[in-house]
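Written below as structure tokens is the structure these notes are about.
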Amino acid sequence: VYNSQKKIQVLLENASEVITIYDADGTVKYVSPSITPILGYAPEEIIGRNCRFLPGEVTDARAVHLVRDGLWEERDFRVVLRNYCKDGRPFWNDLTISPVRDTGGTLTHFIGVQTDITVRRQAEDAFSLAVMHQQATLRDVLSSVTEGRLILCMSPADLPPSLTRFADPILLSAMGGIRELRRQSVGACQAAGIPDLRLCDFEMAVGEAAMNAVVHSDTGMGGVFLDERGTVQVWVEDKGKGIAVADLPNATLRRGYSTSGTMGHGFKMILSVVDRVHLLTGGAGTTVVIEQDRTHPMPV
């Protein structure tokens, strides 16, 4: 038994991760020496304190609640949260906590393992920021070369408000739905008083957008909307892989261009016959909002 305890002690004392033992109410009973180079605290400065002091006031509240709920419910959990060093510097903590029970099933303590992932998180944040800048630049370029017809959206909040729903939403798949979405768009254009030539252009564009959703995601959803000013709006949404940032110029501007995971074929045609196209795309899927006014908008 002594040798086993000694081996455990050696493992704890030399672990690269921070190993912490909490009692049932969250009070720190033990912390490994590896906490000092990460947080700046000596173990004796932490032992006896409640684990709540580490997060700090501006840590993501959702992450803090996950920790508190996990302790309260006495279950295993893992969470990434921002903690703070002794000198106030933030660091990102990948934290796993597991309850330990005696042979009768009564909770005796928790064991926490935390890993400093600050460098990785900073790299991820820097990459995300670079992508956002790239998208912002590309948004301006695409808007310019399409005379404002293509609006690249950075988030769902950038999509236009939906107008008044004209008909029930339609499931788009290889089994059907595209023809019905085209029929609805024709009916909405007629109700809005859109001239026949512009109506035909819009119907064709709606069909292309719906077909792209089916080709690249198997299924999608379509919806038709309009308002009293004579604007018709069609939403086409799918859960495919989206368009990679590097592919956006070709996917939106090059006739016939198509690669897996992009809108590809037909998108340039859509831009040539409708008044506005809002495009939101990413790993969670693609949303295309096509708008046609009663009369062609005056150039800006």
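Exactly one of (1) closer than 30 Å to V234 by Cβ; (2) open to solvent by less than 90 Å² (accessible area, probe 1.4 Å); (3) modelled with pLDDT under 85 is unmet by A61. Its number?
Going through (1) closer than 30 Å to V234 by Cβ; (2) open to solvent by less than 90 Å² (accessible area, probe 1.4 Å); (3) modelled with pLDDT under 85 one by one, A61 breaks only (1).
Of (1) over 33 Å from the mean Cα position of the chain (by Cα); (2) buried (at least 17 other Cβ atoms within 10 Å of the Cβ); (3) part of a helix (DSSP H, G or I), C200 satisfies all except one. Which?
Among (1) over 33 Å from the mean Cα position of the chain (by Cα); (2) buried (at least 17 other Cβ atoms within 10 Å of the Cβ); (3) part of a helix (DSSP H, G or I), C200 violates only (2).
If you go through region 165-205, how many residues are touching a Leu at 6+ places or on another chain (Cβ under 6 Å) and closer than 27 Å to T295 by Cβ?
Residues that pass the stated criteria total 4.
Only one residue in E180, E147 is part of a loop (DSSP other than H, G, I, E, B), open to solvent by 30 Å² or more (accessible area, probe 1.4 Å), acidic (D, E) and over 15 Å from F225 (Cβ atoms), so which one is that?
Details: E180 fails: part of a loop (DSSP other than H, G, I, E, B).
Result of the check over E180, E147: E147.
Looking at D168 and the list (1) in a loop (DSSP other than H, G, I, E, B); (2) touching a residue at least 24 places away in the same chain (Cβ under 8 Å), which single condition is not satisfied?
Status for D168: all satisfied but (2).
Could you tell me which of the residues V236, V277 is in contact with a Lys or Arg (Cβ under 8 Å, 6 or more places away or on another chain), at pLDDT 90 or above and either surrounded by fewer than 23 Cβ atoms within 10 Å (Cβ to Cβ) or assigned to a strand (DSSP E or B) (or both)?
Just a single option satisfies the conditions, and that option is V277.
Restricting attention to region 69-89, which residues are part of a strand (DSSP E or B) and open to solvent by less than 70 Å² (accessible area, probe 1.4 Å)?
Initial filter on region 69-89 (part of a strand (DSSP E or B)): 77-84.
F77, V79, V80, L81, N83, Y84 - these are the residues of region 69-89 that are part of a strand (DSSP E or B) and open to solvent by less than 70 Å² (accessible area, probe 1.4 Å).
In region 95-120, what residues are touching a residue at least 24 places away in the same chain (Cβ under 8 Å), under 27 Å from the mean Cα position of the chain (by Cα) and open to solvent by less than 60 Å² (accessible area, probe 1.4 Å)?
L95, I97, Q114, T115, I117, T118
Among the residues that make up region 23-45, is at least one of them open to solvent by less than 70 Å² (accessible area, probe 1.4 Å), modelled with pLDDT under 85, more than 16 Å from I117 (Cβ to Cβ) and not in a strand (DSSP E or B)?
yes
Can you tell me which of A205, A213 is at pLDDT 85 or above and more than 23 Å from the chain's Cα centre (by Cα)? Reasoning before the result, please.
Numbers: A213 fails: more than 23 Å from the chain's Cα centre (by Cα).
Only one candidate passes the filter, namely A205.
I'd like to know if region 151-158 contains one or more residues that are among the β-branched types (V, I, T) and either open to solvent by 90 Å² or more (accessible area, probe 1.4 Å) or not in a strand (DSSP E or B) (or both).
Residues of region 151-158 among the β-branched types (V, I, T): 151.
The next check asks that each one be either open to solvent by 90 Å² or more (accessible area, probe 1.4 Å) or not in a strand (DSSP E or B) (or both); those that pass are none.
No.
The values are calculated or read from the model by the stated rules, or taken from the named source; none is laboratory data. On a predicted model such as this, the values are computed, not experimentally measured, just so you know. Note that each Cβ is placed from the backbone with ideal geometry, even for glycine, and that neighbours are counted across all protein chains shown. To get the accessible areas, we keep the full protein, side chains included, count just its heavy atoms, and leave off ligands, DNA and RNA. Shrake-Rupley method; radii C 1.70, N 1.55, O 1.52, S 1.80 Å.
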